[in-house]
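Trainee: Okay, here's the structure, questions in a sec.
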Amino acid sequence: MGLFFYTNAVRYEELDNYVFMPKISIIMLFLGKYMFKRTIKEQIIGDFFKGKIIIIAGPRQVGKTTLCEEIISDLGATRKIQKFNGDDPESNPKLSDKSLDFLKNLVSDADIVFIDEGQKIAGIGNTLKMLVDHYKESKQFVVTGSSSFNLLDNAEESLTGRKFVYFLYPMSLAEIKDEKNVLPISKYRRDILIYGLYPKVVTLGSYAAKERELRELISSYLYKDIFEFNDIKKSSVIVNLVKALALQVGSEVSYSELAGMLGINYKTVESYIDLLEKNFIVFRLNPYFKNKRNEISKSKRKIFFYDTGVRNAAINNFQDFADRNDLGQLWENFVVAERVKFQKYNSLNSLNYFWRTYDGAEIDWVEERGGKIFGYEIKWNVLAVKKAPPSWEKYGNSEFKIITPENLEGFIF
């Protein structure tokens, strides 16, 4: 029996007698039938030539460059395309603080200009502003970046009203399912919860290879922009902070306690977590409250990882389900990360929170949208299903639902 598959236009070797191969990833074999199709690809192409810069932001190694190459392949037959890379010492200076006349000569022959790793280019916001104001709908400029602080924040003023922003995350379940059939969760939940959904990790055929790739990702890529752009004196503090956050996934995080644990001050913890968020490693969830007397204050928050594989790599824990005591935490992190992807990719505008009262009533995930509030309790163990807390039911115009492995599909697809 043989199996082969394609992903991101790369053909993997045929795997003979794969049933007997040790530690072959279930999800890798199951994905053999499918091509990865990034959800935002057609949306991006649909926004071409509307007089706006297109910015694609997201973590390193999630496929931003691959996505751009696929778009180039689709459009290359009919459009002249020019590419620059902020990591390239030859390309970078050409786009840094140049005059409009120089920039016009640089891109005059192209219909579409792709700029990869735009956060590396000094003055990129002003460069893009001059180009889009001059060419308007006649040329399309597309920029990728792995740090929202160095790309989006620094270009915000220059590009106000001149940009469409897309976020690309690790693969979502919606992107690795068959168009007709949702993958049964029992077949893939082990691999995804332990190793996550970074594109390369998903396609690797053994668990040892997945672990090696995740360790390389942690050590070589994820913190790169933080250390390069933000003058971090002690990189070990950031690494230890990520470990501490990984161990507290699903729990309320105290910046004061983290500061004491790491030997730094409260403001430094706050600043570093902000950097981790702007570099797409973690995201914060603030508490929802209306009754200040009964519900916890704004000083509390939860922090989740965009990818469970990265979370597990941070604490070097790739143990199987039977040996873990954090399955509930992993499941909650996975579900909320998938929900964030779903919201972003489907333009579902929502304010997201968690909810807890001083007397212990809690709901893991709360969405405020369309004048209503929606509470979701996320449970790994179906037997632990419960009703909404009585104090939650006192809210008018609210709904409540339990999310388990059995009913996940309607929440993230």
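The values are calculated or read from the model by the stated rules, or taken from the named source; none is laboratory data. Keep in mind it's a predicted model, so treat the numbers as computed, not measured. Glycine also receives a Cβ, built like all others from the backbone with ideal geometry; neighbour counts cover every protein chain displayed.
Trainee: Do we have any residue at all in region 336-343 that's more than 21 Å from the chain's Cα centre (by Cα) and either more than 18 Å from residue 251 (Cβ to Cβ) or at pLDDT 95 or above (or both)?
Mentor: no
Trainee: Quick check on my filter: what residues within region 354-366 are aromatic (Phe, Trp, Tyr) and surrounded by fewer than 21 Cβ atoms within 10 Å (Cβ to Cβ)?
Mentor: Selection gives 358 alone.
Yes/no per residue for (1) in the same structural domain as residue 49 (by TED's automatic domain parsing); (2) among the hydroxyl-bearing types (Ser, Thr, Tyr); (3) buried (at least 19 other Cβ atoms within 10 Å of the Cβ); (4) farther than 24 Å from residue 276 by Cα:
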| position | (1), (2), (3), (4) |
| --- | --- |
| 64 | yes, no, yes, no |
| 71 | yes, no, yes, yes |
| 100 | yes, no, no, yes |
| 121 | yes, no, yes, no |
| 127 | yes, yes, yes, yes |
| 145 | yes, no, yes, no |
| 148 | yes, yes, yes, no |
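Results for (1) closer than 27 Å to residue 328 by Cβ; (2) surrounded by fewer than 18 Cβ atoms within 10 Å (Cβ to Cβ), shown as yes or no for each residue.
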position: 202; (1), (2): yes, no
position: 205; (1), (2): no, yes
position: 215; (1), (2): yes, yes
position: 221; (1), (2): no, yes
position: 254; (1), (2): yes, yes
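Trainee: Still on this structure, I have one more. Taking region 393-403, which residues are surrounded by 17 or more Cβ atoms within 10 Å (Cβ to Cβ) and at pLDDT 90 or above?
Mentor: Of the residues in region 393-403, the ones surrounded by 17 or more Cβ atoms within 10 Å (Cβ to Cβ) are 395, 400, 402-403.
Of everything in region 393-403, those that are surrounded by 17 or more Cβ atoms within 10 Å (Cβ to Cβ) and at pLDDT 90 or above turn out to be 400, 402, 403.
Trainee: Another question about this same structure. Hey, could you check region 38-54 for residues that are in contact (Cβ under 8 Å) with a residue 60 or more places away in the chain, surrounded by 15 or more Cβ atoms within 10 Å (Cβ to Cβ) and basic (Lys, Arg) and say which is nearest to residue 111 (Cα to Cα)?
Mentor: It comes out as 52.
Trainee: Just to be sure, is residue 401 touching a Phe, Trp or Tyr at 6+ places or on another chain (Cβ under 7 Å), farther than 30 Å from residue 236 by Cα and in a helix (DSSP H, G or I)?
Mentor: In short, no.
Trainee: Just a yes or no: is a residue in region 253-276 closer than 30 Å to residue 165 by Cβ, out of contact with any Cys (no Cβ under 8 Å at 6 or more places or on another chain), outside any helix (DSSP H, G or I) and touching a residue at least 40 places away in the same chain (Cβ under 8 Å)?
Mentor: Looking through region 253-276, at least one residue is closer than 30 Å to residue 165 by Cβ, out of contact with any Cys (no Cβ under 8 Å at 6 or more places or on another chain), outside any helix (DSSP H, G or I) and touching a residue at least 40 places away in the same chain (Cβ under 8 Å).
Trainee: Hey, can you tell me all the residues within region 189-225 that are of a type in the set (Phe, Trp, Tyr) and in contact with an Asp or Glu (Cβ under 7 Å, 6 or more places away or on another chain)?
Mentor: Correct list: 198 only.
Trainee: Right, another one. Given the conditions (1) aromatic (Phe, Trp, Tyr); (2) surrounded by 16 or more Cβ atoms within 10 Å (Cβ to Cβ); (3) within 16 Å of the chain's Cα centre (by Cα), which single one is not true for residue 229?
Mentor: Here residue 229 clears every test but (3).
Trainee: Here's another thing I want to ask about it. Answer yes or no: is there a residue in region 279-290 that is modelled with pLDDT of 95 or more, part of a helix (DSSP H, G or I), aliphatic (A, V, I, L, M) and under 16 Å from the mean Cα position of the chain (by Cα).
Mentor: The answer is no; no qualifying residue exists.
Trainee: Report yes if some residue within region 305-326 is in a strand (DSSP E or B), modelled with pLDDT of 95 or more, within 30 Å of residue 230 (Cα to Cα) and in the same structural domain as residue 388 (by TED's automatic domain parsing); otherwise report no.
Mentor: Just the residues of region 305-326 that are in a strand (DSSP E or B), to begin with: 305.
Filter again for modelled with pLDDT of 95 or more, leaving 305.
Checking which are within 30 Å of residue 230 (Cα to Cα) leaves us with 305.
Still in the list and also in the same structural domain as residue 388 (by TED's automatic domain parsing): 305.
Yes, there is a match, as at least one residue in region 305-326 is in a strand (DSSP E or B), modelled with pLDDT of 95 or more, within 30 Å of residue 230 (Cα to Cα) and in the same structural domain as residue 388 (by TED's automatic domain parsing).
Trainee: I'm checking my understanding of the structure. Among residues of region 102-119 that are over 30 Å from residue 278 (Cα atoms) and of a type in the set (Gly, Ala, Ser), which one is modelled with the lowest pLDDT?
Mentor: Among those residues, the one meeting the criterion is 108.
Trainee: Output the helices (runs of 4 or more DSSP H) that fall wholly within region 190-242 and possess 2 or more residues being assigned by TED's automatic domain parsing to the domain that holds residue 281 and within 19 Å of residue 120 (Cα to Cα), or say none. Outline the logic, then answer.
Mentor: On the way: elements: 199-203, 207-220, 224-229.
Where helices (runs of 4 or more DSSP H) fall fully within region 190-242 and carry at least 2 residues being assigned by TED's automatic domain parsing to the domain that holds residue 281 and within 19 Å of residue 120 (Cα to Cα), they are 224-229.
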